[in-house]
Ligand SMILES: Nc1ncnc2c1ncn2[C@@H]1O[C@H](COP(=O)(O)OP(=O)(O)OP(=O)(O)O)[C@@H](O)[C@H]1O
Ligand SMILES: [Mg+2]
């Protein structure tokens, strides 16, 4: 069989970065590997739903508040399913098919025409040809045309490049798509009905407190040590803040960063144990993302940590 020049280009450009591992398509095993290797705590329910969608060739939409692991969990699940790292497409308003499927090298195209020689394959086409997944991050930031183009490709598992008069088809079950979105972000576009009809939606929420306590254990090293009472105060603080009306509520990502920053502050002072004042020092820098939240966050931290307002 004649070698396909586009496939060769894709292999040459991307194969090394994707790596290769045995796919893991058993949800129970995947949950274990996610914790051990990726330091991600994911419920068997979420893994099962995602895998069931993949078995039906359906893209998955992860929706939920910031910092709840949508992006990292999406990437990890695509990797386990395909046995290769996925491509990540961070969306923006001006994304179009040339940026994600492929475009033409202007100089080569001028000299040799719009053909396979001047064509530069991009990530979505590469994922299709290399049989791996795509994480489309923050889909609401893209235009409706872009969303429709993606859905058409995922539905039919093929990409048409008219200039080359070619249809590229998926080569195996590894080509799957996960979208992420934060519905609370009002600055972003709505998702169309057509889009929502086709995707399998998986809702993300803040994890229950005992799960978040385990995430802290898995994500944050033992040194400098954070006393368990202090961990509880941090958990209580973020949980209270999530119940308040803030423009930015702390996710698990902020909780983990808060713990790590407190450790670094303690370590810079030469301490082997994190103190309450280290945690308070880190608190507003990590938990306040917007000026208007400052007062509420400081008040809650003081309440939880047992300081009177001065
Ligand atoms: N289930 C989890 N297990 C382990 N760590 C988690 C989990 N959920 C969140 N985290 C923490 O949050 C970080 C990942 O957050 P990620 O960026 O994936 O969230 P996101 O939901 O995509 O947020 P955003 O909406 O801001 O993009 C991890 O690095 C980790 O510190
Ligand atoms: Mg994200």
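The values are calculated or read from the model by the stated rules, or taken from the named source; none is laboratory data. Computed from a prediction, not measured in an experiment: that's the story for all the values here. No Cβ is skipped: glycine too gets one built from the backbone with ideal geometry, and neighbour counts run over all protein chains shown.
The set of residues in region 131-145 being more than 16 Å from ligand 1 (Cβ to nearest atom) and crowded, with 23+ Cβ neighbours inside 10 Å consists of 132 alone.
Residues checked against (1) assigned to a helix (DSSP H, G or I); (2) crowded, with 19+ Cβ neighbours inside 10 Å; (3) not assigned by TED's automatic domain parsing to the domain that holds residue 157:
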site: 29; (1), (2), (3): yes, no, no
site: 49; (1), (2), (3): yes, no, no
site: 57; (1), (2), (3): no, no, no
site: 65; (1), (2), (3): no, yes, no
site: 75; (1), (2), (3): yes, yes, no
site: 88; (1), (2), (3): no, no, no
site: 92; (1), (2), (3): no, no, no
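Here residue 3 meets the list (1) under 25 Å from residue 254 (Cβ atoms); (2) part of a loop (DSSP other than H, G, I, E, B) almost entirely, failing just condition (1).
Criterion first (within 16 Å of ligand 2 (Cβ to nearest atom) and closer than 19 Å to residue 53 by Cα) does residue 151 satisfy it? Criteria not met by residue 151.
The number of residues in region 158-185 that are loosely packed, with under 15 Cβ neighbours inside 10 Å, part of a loop (DSSP other than H, G, I, E, B) and either outside the structural domain of residue 91 (by TED's automatic domain parsing) or more than 16 Å from ligand 1 (Cβ to nearest atom) (or both) comes to 3. Looking at residue 286, is it over 30 Å from residue 36 (Cβ atoms), outside the structural domain of residue 70 (by TED's automatic domain parsing) and crowded, with 19+ Cβ neighbours inside 10 Å? In short, no.
Please work out if residue 236 is loosely packed, with under 12 Cβ neighbours inside 10 Å and away from ligand 2 (no atom under 16 Å from the Cβ). It is false that residue 236 is loosely packed, with under 12 Cβ neighbours inside 10 Å and away from ligand 2 (no atom under 16 Å from the Cβ).
So which residues in region 239-252 are in contact with a helix residue (DSSP H, G or I) (Cβ under 9 Å, 6 or more places away or on another chain) and surrounded by fewer than 18 Cβ atoms within 10 Å (Cβ to Cβ)?
Of everything in region 239-252, those that are in contact with a helix residue (DSSP H, G or I) (Cβ under 9 Å, 6 or more places away or on another chain) and surrounded by fewer than 18 Cβ atoms within 10 Å (Cβ to Cβ) turn out to be 239, 240, 244, 245, 247.
Residue 21 falls short on exactly one of the conditions (1) assigned to a helix (DSSP H, G or I); (2) surrounded by fewer than 17 Cβ atoms within 10 Å (Cβ to Cβ), and that condition is (1). So, in region 178-202, of the ones that are within 15 Å of ligand 2 (Cβ to nearest atom) and in contact with a strand residue (DSSP E or B) (Cβ under 9 Å, 6 or more places away or on another chain), which residue ends up nearest to residue 49 (Cα to Cα)? Restricting to residues being within 15 Å of ligand 2 (Cβ to nearest atom) and in contact with a strand residue (DSSP E or B) (Cβ under 9 Å, 6 or more places away or on another chain), the top hit is 202.
From the list 279, 266, exactly one residue is under 21 Å from residue 67 (Cβ atoms), touching a helix residue (DSSP H, G or I) at 6+ places or on another chain (Cβ under 9 Å) and part of a helix (DSSP H, G or I). Which is it?
279
Take the conditions more than 16 Å from ligand 1 (Cβ to nearest atom), within 22 Å of the chain's Cα centre (by Cα) and either within 27 Å of residue 133 (Cβ to Cβ) or surrounded by 19 or more Cβ atoms within 10 Å (Cβ to Cβ) (or both) and apply them to residue 230. Does it pass? Here the answer is no, as residue 230 does not meet what is asked. Of everything in region 38-53 that is in contact with a strand residue (DSSP E or B) (Cβ under 7 Å, 6 or more places away or on another chain) and within 14 Å of ligand 1 (Cβ to nearest atom), the residue that is nearest to residue 75 (Cα to Cα) is 50. Test residue 111 against the criterion of being away from ligand 2 (no atom under 12 Å from the Cβ) and in a loop (DSSP other than H, G, I, E, B), and give yes or no. So residue 111 fails the test.
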